[in-house]
Amino acid sequence: MTGVESPAYVPGHGLLKGRTAVITAAAGAGIGGATARRFLEEGARVLISDTHVGRLKEYEAELAGEFGAAVAALPCDVTDEAQVHALFEAALALHGRLDVVVNNAGLGGTSDLVEMTDEQWSRVLDVTLNGTFRCVRAALRLFRASGDGGVIVNNASVVGWRAQAGQAHYAAAKAGVMALTRCAALEAAEFGVRINAVSPSLAMHPHLVKVTSPELLAELTEREAFGRYAEPWEVANVIVFLASGYSSYMTGEVVSVSSRHP
């Protein structure tokens with residue numbers, strides 16, 4: 001299959017003007033970094049976090065050069081409850097309010113189940129599923145206390161729907177994120193909070209290239225209807241939609257960002 005060229009970059013339209021957002025795992029060129037940039041382009045004030053302190057500082061400086069004081073950064077390991085609490089308290093201290101949370105932190109890897117260790121299994125679930133839980137819980141406590149509503153967008157994966165060899169831990173974690181999204185959305189509706197998730201298939205970024213063989217990337221790309229991978233900003237555009245007023249009647253949904261059906 002001959003791949004379709006990536007579309008032109010979509011400019012901002014002020015969809016998040018005046019909103020304050022926290023975005024986890026947002027250092028660098030992946031979906032989190034693209035989401036931070038898109039939110040800033042749409043008028044939001046953004047607090048980005050990551051465990052990679054050096055990359056986080058570099059990306060903060062890059063974004064600040066374009067968007068000034070609208071961006072700030074704080075390191076955060078989502079497996080550490082104290083750090084999660086500090087992240088959300090920092091958002092309030094900086095801006096006095098919180099409107100949107102994007103839970104992008106996740107950890108993958110490839111290992112056949114028969115060879116997988118308890119440590120490998122537990123580490124992926126603790127970052128990807130438990131980390132999302134901790135951040136959702138922290139955000140909901142703040143949203144409930146403020147009484148002003150809010151939006152949470154979680155990052156799932158099509159692997160949570162469809163099988164892929166060597167991905168049992170990651171698939172289980174992402175399926176858990178989907179279930180967490182649906183259940184939390186029902187609980188949060190009574191105090192005006194919407195919770196949805198995106199489910200990307202193949203969004204290319206440098207980290208993915210490091211942890212995935214060229215053969216597998218080529219195979220996965222070939223399966224896509226457009227014959228190409230998604231640009232991270234294409235996934236970020238859907239996150240913007242879910243964070244904005246254009247999705248005001250959507251909650252508990254998992255939106256596939258893929259050019260093929262799960």
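The values are calculated or read from the model by the stated rules, or taken from the named source; none is laboratory data. Since the model is a prediction, treat every value here as computed from it, not as a measurement. Reconstructed Cβ throughout: ideal geometry from the backbone, glycine too, with neighbour counts over all protein chains shown. What goes into the accessible areas is simple: the full protein's heavy atoms, side chains included, and nothing from ligands, DNA or RNA. Shrake-Rupley method; radii C 1.70, N 1.55, O 1.52, S 1.80 Å.
Only one of these is buried (at least 19 other Cβ atoms within 10 Å of the Cβ) and either of a type in the set (V, I, T) or modelled with pLDDT of 95 or more (or both): V114, V124. Name it. Working first, answer last.
On the way: V114 fails: buried (at least 19 other Cβ atoms within 10 Å of the Cβ).
The match here is V124.
Check E66 against each of (1) closer than 27 Å to E234 by Cα; (2) free of Cβ contacts under 8 Å to residues at least 24 places away in the same chain; (3) open to solvent by 60 Å² or more (accessible area, probe 1.4 Å) and name the one condition it does not meet.
For E66, the exception is condition (2).
Against the conditions (1) under 17 Å from V127 (Cβ atoms); (2) open to solvent by 10 Å² or more (accessible area, probe 1.4 Å), where does L87 fall short? Just the number, please.
It is condition (2) that L87 fails.
Residues checked against (1) at positive phi; (2) touching a Gly at 6+ places or on another chain (Cβ under 9 Å); (3) outside any loop (DSSP other than H, G, I, E, B); (4) of a type in the set (D, E):
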site: V10; (1), (2), (3), (4): no, no, no, no
site: A36; (1), (2), (3), (4): no, no, yes, no
site: E60; (1), (2), (3), (4): no, no, yes, yes
site: G65; (1), (2), (3), (4): no, no, yes, no
site: A93; (1), (2), (3), (4): no, no, yes, no
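How many residues are closer than 15 Å to A91 by Cα and surrounded by fewer than 19 Cβ atoms within 10 Å (Cβ to Cβ) when one looks only at region 146-174?
Adding up the residues that qualify gives 1.
Report every pair of residues separated by at least 6 positions or lying on different chains whose Cβ atoms are under 6 Å apart, first residue within region 170-198 and within 23 Å of Y246 (Cα to Cα), second open to solvent by 40 Å² or more (accessible area, probe 1.4 Å) and among the charged types (D, E, K, R).
Sorted first by the residue in region 170-198, then by its partner, the pairs are F191/R144; N196/E253.
Picking from V198, V193, V255, which residue would you name as being within 22 Å of N130 (Cα to Cα), open to solvent by 30 Å² or more (accessible area, probe 1.4 Å), of a type in the set (A, V, I, L, M, F, W, C) and at pLDDT 75 or above? Before the answer, list the steps.
Values: V198 fails: open to solvent by 30 Å² or more (accessible area, probe 1.4 Å); V193 fails: open to solvent by 30 Å² or more (accessible area, probe 1.4 Å).
Every option except V255 fails the conditions.
From the list R37, R19, which residue is closer than 15 Å to A64 by Cα, at pLDDT 95 or above and crowded, with 16+ Cβ neighbours inside 10 Å?
Working: R19 fails: closer than 15 Å to A64 by Cα.
Of the residues listed, the single one that is closer than 15 Å to A64 by Cα, at pLDDT 95 or above and crowded, with 16+ Cβ neighbours inside 10 Å is R37.
Name the pairs whose Cβ atoms lie under 6 Å apart, with the first residue in region 145-163 and over 20 Å from L107 (Cα atoms), the second open to solvent by 20 Å² or more (accessible area, probe 1.4 Å) and in a loop (DSSP other than H, G, I, E, B), and 6 or more positions between them or separate chains?
Taking only residues 6 or more apart or on different chains, the pairs are G149/G192.
May I ask you to say which residue of Y59, Y9 is among the aromatic types (F, W, Y) and more than 19 Å from the chain's Cα centre (by Cα)? Even if it seems obvious, please write down each step before you answer.
Working: Y59 fails: more than 19 Å from the chain's Cα centre (by Cα).
None of the other options fit; the residue is Y9.
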